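Notes follow once the structure below has been shown.
The values are calculated or read from the model by the stated rules, or taken from the named source; none is laboratory data. Here the structure is a predicted model, which is why all the values come from computation and not from measurement. Virtual Cβ from ideal backbone geometry, glycine too; neighbours counted across all protein chains shown.
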Amino acid sequence: MSSTETTATNARVLGYDPLVHDGIDEEAMLTLVLPYVKTAKEGAKRLGALLEKYGTGECNSIAFNDKDEIWLLETAGGHHWAAMRLPEDTYAIVPNQTVMQEVYVNDTDNFLVATDLVEFVEKHHLNPQPGHFNFRNIFGTQSEADAYYNTPRTWYGQKLFNPELTQDPTSQDMKLAMKPSKKIAIEDVEFFLSSHYNGTKFDPFGTFASGTKEEQRQFRSIAMDRNQASSILQIRNDVDDDHAAIQWIALGFFAYSPYVPFFTNITDTPEDYKNTTNDVSVDNVYWLEKTLSVLIEPHFHEYAETVNAYLDACQSYARQRVEATDENIAGDVSEYLTKSNLETAGEISKRTHKLFDSIVKQGLNLSKTTWEKGQNL
């Protein structure tokens, strides 16, 4: 269960169903839902029932997955919601915007909705397209802010996974569920989540493809300075259930941070991944990655080769560790996976500290005051 991605409900809907100040918000959703459900669909049902009863003070989108299905739930106002099962072999990109499109309320195998959703829409004349029930058009926003902040991220993701498409990055009509042109690997997801419109005129890093300064700053990047933590939630179908789930975690600015695989059936996490302090300390992975981003960005091109080599090596190592862990499980599985995570994360932390050392030492020669005397002085 993801919790959550902030979205927006349009002002007209909020006039009839205001947000609830003391309702169920994102910080409570995991606690109130995940321990009580066994499937993704059960998760969507339970959260929906809680939203109807207690309301919410925020507009959010929440994803649920199990080994068979993925469900996406979007809130609408204080008490309304809808959820859909993503079709087989499709992906969805959900920026900070309501994205669910046509909802077929009678198809309960693939859609769930608030008990009074249809009546609520009819009573307040909210549907601009009678004969359809387009959740995005009824409840969402299509603002200028969306065109700068949200839709370009969908555009770039679909450009990566369906390169045959030609779309406008500000379009408000891009499809939600898309079948990719080829199978999507963990590395493809990592690249997208770590990207900044690479290879386009909108890349803010002044690369070969970057356009004018205005174009480089036109859209909100996927990876950005406010990044804190990113997760890829993977449940595999080709191994036993007790070690099927992996949470790939990146901290800091994702363009420079590796995704570390953590088996989730565990009893503890590494010390440098928990108890993050308010004060900067490179003994903590969060602050280590944040500090690296501050050092790297001013000299992105000078450090790019070093950083990319580090990221590639970490990803290869991560793949090796997942396979080795799967093949050598013995005894108490939770205990074994906990120890395996400690080893994997420990090695990647070690490599990250080596990168930090290298970046600092390279940086000593990048000062604007660096001066060589020459042979005659």
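Does P163 satisfy being in contact with a Phe, Trp or Tyr (Cβ under 9 Å, 6 or more places away or on another chain) and either at pLDDT 95 or above or surrounded by fewer than 19 Cβ atoms within 10 Å (Cβ to Cβ) (or both)?
On the way: in contact with a Phe, Trp or Tyr (Cβ under 9 Å, 6 or more places away or on another chain): no; either at pLDDT 95 or above or surrounded by fewer than 19 Cβ atoms within 10 Å (Cβ to Cβ) (or both): yes.
Considered against the rule, which asks whether it is in contact with a Phe, Trp or Tyr (Cβ under 9 Å, 6 or more places away or on another chain) and either at pLDDT 95 or above or surrounded by fewer than 19 Cβ atoms within 10 Å (Cβ to Cβ) (or both), P163 comes out as no.
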Reported set for the range 201-227 where residues are surrounded by fewer than 16 Cβ atoms within 10 Å (Cβ to Cβ), within 30 Å of W287 (Cα to Cα), free of Cβ contacts under 8 Å to residues at least 40 places away in the same chain and not charged (D, E, K, R) is M224
Taking the range 130-141 and keeping only residues that are outside any helix (DSSP H, G or I) and either modelled with pLDDT of 95 or more or crowded, with 19+ Cβ neighbours inside 10 Å (or both), one is left with H132, F133, N134, G140, T141
Restricting attention to the range 346-357, the residues that are surrounded by fewer than 13 Cβ atoms within 10 Å (Cβ to Cβ) and acidic (D, E) number exactly 1
In the range 311-345, anything farther than 14 Å from A245 by Cβ, of a type outside the set (A, V, I, L, M, F, W, C) and buried (at least 20 other Cβ atoms within 10 Å of the Cβ) is listed as R321, T344
Residues of the range 62-92 being in a strand (DSSP E or B) and not aliphatic (A, V, I, L, M), in sequence order, are F64, N65, W71, E74, T75, H80, W81, R85, Y91
For this session: Consider Y303 carefully, then state whether it is part of a helix (DSSP H, G or I), under 22 Å from K368 (Cα atoms) and either of a type in the set (D, E) or not assigned by TED's automatic domain parsing to the domain that holds I186 (or both).
Result: yes
Taking the range 88-126 and keeping residues buried (at least 17 other Cβ atoms within 10 Å of the Cβ), in contact with a helix residue (DSSP H, G or I) (Cβ under 7 Å, 6 or more places away or on another chain) and more than 23 Å from A11 (Cβ to Cβ) leaves Y91, I93, L112
Open item on the list: Going residue by residue through the range 235-248, is there one that turns out to be under 21 Å from the mean Cα position of the chain (by Cα) and more than 30 Å from V333 (Cα to Cα)?
Closed with: no
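Can you say whether V360 is closer than 24 Å to S281 by Cα and either surrounded by 10 or more Cβ atoms within 10 Å (Cβ to Cβ) or not assigned by TED's automatic domain parsing to the domain that holds I249 (or both), as far as the supplied structure shows? Working first, answer last.
Values: closer than 24 Å to S281 by Cα: yes; either surrounded by 10 or more Cβ atoms within 10 Å (Cβ to Cβ) or not assigned by TED's automatic domain parsing to the domain that holds I249 (or both): yes.
Here the answer is yes, as V360 does meet what is asked.
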From the option list V103, V99, single residue qualifying as under 27 Å from D25 (Cα atoms), in contact with a Phe, Trp or Tyr (Cβ under 7 Å, 6 or more places away or on another chain) and modelled with pLDDT of 95 or more is V103
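Can you name every residue in the range 3-24 that is surrounded by fewer than 17 Cβ atoms within 10 Å (Cβ to Cβ) and not in a strand (DSSP E or B)?
Taking the range 3-24 as the starting set, the residues that turn out to be surrounded by fewer than 17 Cβ atoms within 10 Å (Cβ to Cβ) are 6, 11-12, 14-16, 18, 21-22.
Matches in the range 3-24: A11, R12, L14, G15, Y16, P18, H21, D22.
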Looking at I186, is it surrounded by fewer than 19 Cβ atoms within 10 Å (Cβ to Cβ), within 23 Å of N65 (Cα to Cα), touching a residue at least 40 places away in the same chain (Cβ under 8 Å) and of a type in the set (V, I, T)? yes
In the range 122-173, anything over 25 Å from Y104 (Cβ atoms) and of a type in the set (K, R) is listed as R153, K159
Residue count, the range 284-310, condition within 30 Å of H243 (Cβ to Cβ) and touching a residue at least 24 places away in the same chain (Cβ under 8 Å), comes to 5
Within the range 69-114, residues among the small types (G, A, S) and within 15 Å of the chain's Cα centre (by Cα) come out as A92
Restricting the range 195-234 to residues that are closer than 22 Å to T264 by Cβ and small (G, A, S), the one farthest from the chain's Cα centre (by Cα) turns out to be A229
